[in-house]
Amino acid sequence: MKITIPPLKKGEPININIDMHNKITVSDLTSPEGQKKVINRIAEQFAYAIGITKGVNKEIEKLEQQQRLYEWSKLYPKPTFPATPPQLLRRGSAESKVLGNALKELYKTQMYDSELFDAFIRGTQENKEQQKRETKERNESQKTETSSTMPTVYADPKDTYSLREEEKISNAEYIYEYLKARGWTTQAICGLLGNIERESHLNPASYEIPNNVNRGYGLVQWTSAEDFFEEVGVDKKIIDDMALENPQSLMDLQLDFIVDTSLPSADNSIKRWYPSLVGNRDTPYIMEFNEYINSTKNPRDLAKVFNSHYERSDDDAVQLKERADNAEKWYHYFNERE
């Protein structure tokens, strides 16, 4: 892969090549000293950006987030190196993954001697363990809470299609109550449900392919599952345990993630709701997320809006109709229930 970055000083942009073995070379600089200087600077910028991204646990309070950011900023002082192109710093991007793997390979072979990058490797490992502990503690505490007013949540990580009809209805009712309490209209909720039923059959522990973390996972089949687990601060074992032991917390986690990744204020590294990326997908409206959740338009149309703005699937007309039919079905169900 070839990556172009701004010059260290005035001059032409610098071209960086990363080969299939994750070896980095700087094509415009011939001396080993010059190459090492550029690579060190890139690593510092990369470590700073990814360190900040991974150092924040979205579940903690705002002041605690600020404190965590402060701690990370002390560990990784912002380098003076010119701003790296945004695609390098956006977690989950192809460039970010390739560069990160290449820098880690340098670290493994001891060809890289920056104290900052060494601290970054240790810090991200420690933070990942901390996130796992916090998630486990949160799940344990939620087990003791009563939820008699909410429908029961069901999940099965082993088989997407195993939920019985009454269990799927209970999950749909839970999603409805959860989002209704957060101000969503019935039409917007049913538009979402139409997509969820199409993607996961209302099973929050659904794997597109059983146990395959490289394919889709969850209510709306985030791809890849491994990337989704990283973004919410868990690993496969933790999430499978949640499905079996506390499926309600798994459902809450995913519903909150849909909202968190749709808000206009969402960080670009995780943001999913993009009206500008609708392209040629079939949608009757272009909407911002806040417009969607407050909309009273036809739920069939809102199912298409959610698909085109968030899912961005490659469904054909028949598959898209299934999403719309599902949405209409749930709209009639909840209207009749009330």
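Among the residues in the range 286-296, are any of a type in the set (A, V, I, L, M), assigned by TED's automatic domain parsing to the domain that holds GLU197, in a loop (DSSP other than H, G, I, E, B) and on the phi < 0 side of the Ramachandran plot? Within the range 286-296, one or more residues are of a type in the set (A, V, I, L, M), assigned by TED's automatic domain parsing to the domain that holds GLU197, in a loop (DSSP other than H, G, I, E, B) and on the phi < 0 side of the Ramachandran plot. Only one of the numbered conditions (1) buried (at least 17 other Cβ atoms within 10 Å of the Cβ); (2) free of Cβ contacts under 8 Å to residues at least 24 places away in the same chain; (3) under 13 Å from the mean Cα position of the chain (by Cα) is not met by SER262, and that is (2). Tallying residues that are modelled with pLDDT of 95 or more and surrounded by fewer than 22 Cβ atoms within 10 Å (Cβ to Cβ) within the range 322-338 yields 7. Just checking, does the range 274-281 include any residue being in the same structural domain as LEU193 (by TED's automatic domain parsing), among the polar types (S, T, N, Q) and assigned to a loop (DSSP other than H, G, I, E, B)? Yes: one or more hits. Among residues that are surrounded by 18 or more Cβ atoms within 10 Å (Cβ to Cβ) and part of a loop (DSSP other than H, G, I, E, B), VAL220 is included.
The values are calculated or read from the model by the stated rules, or taken from the named source; none is laboratory data. All figures in this text were calculated on a predicted structure; none of them were measured in a lab. Ideal geometry is used to build each Cβ from the backbone, glycine not excepted, and the neighbour counts take in all protein chains shown.
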